[in-house]
Amino acid sequence: MKAIAVVDENWGLGRDGKLLVHLPGDLRYFKEKTLGRTIVLGRETFEGMGSRPLAGRETVLLTRNRDYKADCRICHSLEELLAYAREKDRGDVFAAGGEMVYRLLLPFCDTVFVTKIYAAFAADRHFPNLDARPEEFEIAWRGEAREESGVRYQFFEYKRKNGERKKWPQSA
């Protein structure tokens with residue numbers, strides 16, 4: 001499993017259900033990494049994106065609300081999600097937001113794609129600070145710094161050290 005996120009310098013993800021800043025370059029990067037793959041979203045993130053699946057990706061919604069209806073696959077627990085992902089060998093599955101989905105799925109991720117924004121915003125949702133976990137994650141690659149609309153940012157790829165992620169259970 002992989003994760004993909006855009007964060008500010010305090011590892012903030014968003015505020016009031018929205019991204020902290022609109023960066024077309026980051027949206028292209030997200031599309032490049034996730035196109036043809038399965039993405040897992042929480043309900044609030046899904047609703048913040050207009051309550052519709054993203055084109056060219058299988059969207060799986062993770063919510064405890066058993067009455068929630070959406071035009072995509074819905075899983076109501078971690079066990080159900082892991083069983084579904086394993087069921088058809090979906091290849092790369094990406095945790096794609098929000099905060100609770102990242103915290104729940106990060107232990108299963110071996111690769112994390114992070115776009116770091118070199119600015120701080122008033123975020124109300126955060127991603128776990130991978131730089132504060134040197135025993136777990138290391139930077140495997142970093143892109144060149146970029147700037148759009150006065151906002152500097154950079155792409156990073158983190159790898160879990162020694163492949164020590166949680167293994168998906170064989171039966172859920």
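The values are calculated or read from the model by the stated rules, or taken from the named source; none is laboratory data. All of these numbers come straight from a predicted model, not from anything done at the bench. Virtual Cβ from ideal backbone geometry, glycine too; neighbours counted across all protein chains shown.
A few comments on the model shown:
- Selection within the stretch 135-172: residues that are among the hydrophobic types (A, V, I, L, M, F, W, C) and modelled with pLDDT of 95 or more. The member of this set that is farthest from PHE108 (Cα to Cα) is VAL151.
- Selection count, the stretch 85-134, where residues are under 16 Å from the mean Cα position of the chain (by Cα) and either at pLDDT 95 or above or not small (Gly, Ala, Ser) (or both): 32
- Scanning the stretch 72-94 for residues that are more than 10 Å from LEU62 (Cα to Cα), crowded, with 18+ Cβ neighbours inside 10 Å and not β-branched (Val, Ile, Thr) turns up LEU82, TYR84, ALA85, PHE94.
- Tally, over the stretch 5-43, of residues that are of a type outside the set (A, V, I, L, M) and surrounded by fewer than 17 Cβ atoms within 10 Å (Cβ to Cβ): 13
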